[in-house]
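Presented below is the structure to which this report refers.
What follows is calculated from the coordinates using simple rules that are stated; it is not laboratory data. Here the structure is a predicted model, which means the values were calculated and not measured. Cβ sites come from the backbone with ideal geometry, for glycine too, and all protein chains shown count toward neighbours.
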Amino acid sequence: MRSTWDALASAPTEVVVGDPERGRQELESLFSRLGADPRGGLCVEVGCGPGRMTGLLAERFDRVLGLDVSPAMLARARVEVTAPNVEFRATDGERLGGVDDGAADVLVCYLVLQHLPSRAAVLRYLHEFARVLAPRGEAFVQLPVLEPGLRAQLWRAARGALVPPAEMLSRNPARSSAFRGFRLSEAELARGLDEAGLRVVARDEGPDAPYRYSRDRFLRLARA
Ligand SMILES: C[S@@+](CC[C@H](N)C(=O)[O-])C[C@H]1O[C@@H](n2cnc3c(N)ncnc32)[C@H](O)[C@@H]1O
């Protein structure tokens, strides 16, 4: 994950991260579609990238902790976002190390889970979200979910078989499993949230997930 995203950090932001011009609109839309307008306290942003949304979060929250697996992305973020209430830290990509249990009043994770390379990696992060959330904290999470039906299942199985050899043959980081990611099914997501100890406060779906056989899901989560 780290080498993939370090390599991608020099690519244009709009290609590998998201349109910088749309950061505010996407963040406001994430909160408003889930009926929320969170402010104050500590916000942990998981997968902050070059800080496209981090400075905007700093306007809402007392403190923002931007976490990312890629030191190169974080180096860009530190240049882009100089608000005094923001701190950036590298993670190992598997755990939110260094974030205390129950510390986060709000957690934001946007355009990140779709890149995690395995079912286990996504589910582990759901556990971590539950661990770091304060008792009354809430997580705002976007991820694409596999559409129901056999075709989608077959597509996922074929992709799972083809991505690793393609990754070995190519030096392009955008072909790696740490970029192309894994899609949870609806049932896997529901079970994963349950096992992590998270409950859904609100949910919404986007009509326009840019991934095959997937729909964008937006979740407002709290500890069960
Ligand atoms: C598509 S960018 C999105 C950045 C930001 N959330 C935004 O919307 O502007 C994905 C980011 O997630 C980071 N990332 C990927 N896997 C990660 C992991 N396991 N843990 C933390 N960050 C990760 C990448 O380094 C990259 O900066």
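Overview of results
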| read-out | value |
| --- | --- |
| Inter-centroid distance (Cα atoms) of the stretch 9-32 relative to the stretch 107-182, Å | 18 Å |
| Karplus (6.51, -1.76, 1.60) ³J(HN,Hα), θ = phi - 60°, over the stretch 96-101, in Hz, Gly and Pro reported as x | 9, x, x, 9, 5, 4 |
| Value at 222 nm in deg cm²/dmol, rounded to 500, when DSSP H runs of n ≥ 4 in the chain each add -39,500 (n - 2.57) | -11500 deg cm²/dmol |
| Scattering curve values for the stretch 52-96, log₁₀ I(q)/I(0), Debye with Cα scatterers, q = 0.17 Å⁻¹ | -0.43 |
| Label point distance in nm, SER32-GLU205, each placed 7 Å from Cα along Cα→Cβ | 2.3 nm |
| Residues TYR125, TYR213, TYR110, sorted so that the one with the fewest Cβ neighbours within 10 Å comes first | TYR213, TYR110, TYR125 |
| Positive-end residue, the stretch 66-144 charge dipole about Cα centroid, Cβ charges, pick of PHE140, ALA104, GLY93 | GLY93 |
| Ranked list, fewest to most other Cβ atoms within 10 Å of each Cβ, for LEU133, LEU169, LEU27 | LEU169, LEU27, LEU133 |
| Packing-based exposure ordering (other Cβ within 10 Å, fewest first) of GLU147, GLU59 | GLU59, GLU147 |
| Cα-based convex hull volume of the chain per residue, rounded to whole Å³ | 109 Å³ |
| Size of charge dipole - the stretch 1-74 - debye, nearest 20, with Cβ of Lys, Arg +1 and Asp, Glu -1, no other charges | 140 debye |
